[in-house]
Structure formats: C-alpha cells, structure tokens
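Have a look at the structure below, then the notes.
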Amino acid sequence: MTSPTGIRERRRGATRVGRVAVAVLLAAIAALLVPASRATAATGRAAGADASAMMAIEAPRHLVNVNSGLCMAARAGSGERPVIQTTCDYNHHDEYWPDQYWILKTDETTPVESSLLHLCVAARGTHETAAVATTCGFWPDQQWAKGRPPGPVTPWFRMSNGAGLCLAARGYAESRVVATTCGFGDDWPDQQWLAV
C-alpha cells in the first residue's frame, strides 16, 4: 500500500506535468490563430528575421502638416522620389490618392514608409536638405523619432532623425518636404505633423 506522502508526491508531479502540457497546448493554439506578424498583414510583405519585424505597425495614414493642412506624399515613378506636401485626398469627395498614405511603426524611432511605393523617407546630411523617398533600410537618415513637446499632451508630433533635423513643410501650396533644424515647444508649426 502507498503512504499518503507518496500519493501527494505523485499528485504534485502530475500537476506540474499537466500545467506544462496546458501551456504548450495554449502556445500552439495561439501560434495558429495569430498572423506571423502585423508587418505582413499591414504591408503585404513577408517580415524579415530582424527585430523590426516584431514591432507593431499602425495602419497606413495621412501625415498632415499642422501649419499648411496639406498631406505628405511621394508620387509613383521609378527610383528615388521627392517627398512633397500636397492637397489631401479627403478634401475631395470620393477621391483616394494612395501616394498620401504612410506606415509608421509604433515604437519611438521608426522608418516612415510609403504604403504605395514601399519606399522610406530619408534626409541625407547634417544641414537643411530636401527629403526623398528611397529604398528602405536601417540607415540613420531613415530613422525618425516621433517627439512631442513637454507639458500637456498634443495631438501633433515632430519627426527628427539622428542628425538632429526635423521634417518640415513650408508654405501653403504644393512644395518639397525638407529636413531642417528642429524648433522647440510649440515653435515652428511647419514641423508639426498629425497622423490621420
């Protein structure tokens, strides 16, 4: 006959094995139900083995300049493309202009990718320069930090790169987007963007 202590030990062992089995089963079910990555679902492309594939992706959105009310765009064509601000498609009834939609990862430093062209916004150098849409990579000139000023939360943000330049769109008509010296606080609304 088995002692009460022996029975308790077998039950504890069976409980531990049961917990492990349940955890493995739940992990297998989750792997079947969850897509390989949100990046694949959002962009339609297979995610790489790098860490960026694990970052959450926001749905493609307009990037609207606070000062002008115009949208960032990169027109279709071959090779590197100029990044511009232009009239937003939602200002025209029943219009959809795919060159105005951008994908932002939700982490703090991210590429800004055209959902149409699969090109990323870049600004080369350390002085004011025109922004371009070019082949995406992990180059510092394509990594943009989304920042908000200290104090009350604002709906707008600035996008600054590793060289300390911020994306700006000057004026109220179609024009090039540039990377220039960053303003502070609420200064320089031409550097303030909304994702809508």
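The values are calculated or read from the model by the stated rules, or taken from the named source; none is laboratory data. All of these numbers come straight from a predicted model, not from anything done at the bench. Heads up, the Cβs are rebuilt from the backbone with ideal geometry, glycines too, and the neighbour counts pull from every protein chain shown. Protein only, heavy atoms only, side chains kept; ligands, DNA and RNA dropped before computing areas. Shrake-Rupley method; radii C 1.70, N 1.55, O 1.52, S 1.80 Å.
See the values below:
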{"item": "Residue list for the range 88-129, filter: open to solvent by 50 Å² or more (accessible area, probe 1.4 Å), closer than 20 Å to N65 by Cα and in a loop (DSSP other than H, G, I, E, B)", "result": "H92, E95, Y96, W97, T106, E108, L116, E128"}
{"item": "Any chance R176 is charged (D, E, K, R) and open to solvent by 70 Å² or more (accessible area, probe 1.4 Å)", "result": "yes"}
{"item": "Residue ID - nearest to V121 (Cα to Cα), chosen from residues in the range 162-185 that are in contact with an Asp or Glu (Cβ under 6 Å, 6 or more places away or on another chain) and not aliphatic (A, V, I, L, M)", "result": "T180"}
{"item": "Considering residues of the range 138-150 that are assigned to a loop (DSSP other than H, G, I, E, B) and without any contact (Cβ under 8 Å) to a residue 24 or more places away in the chain only, the residue surrounded by the most Cβ atoms within 10 Å (Cβ to Cβ)", "result": "W139"}
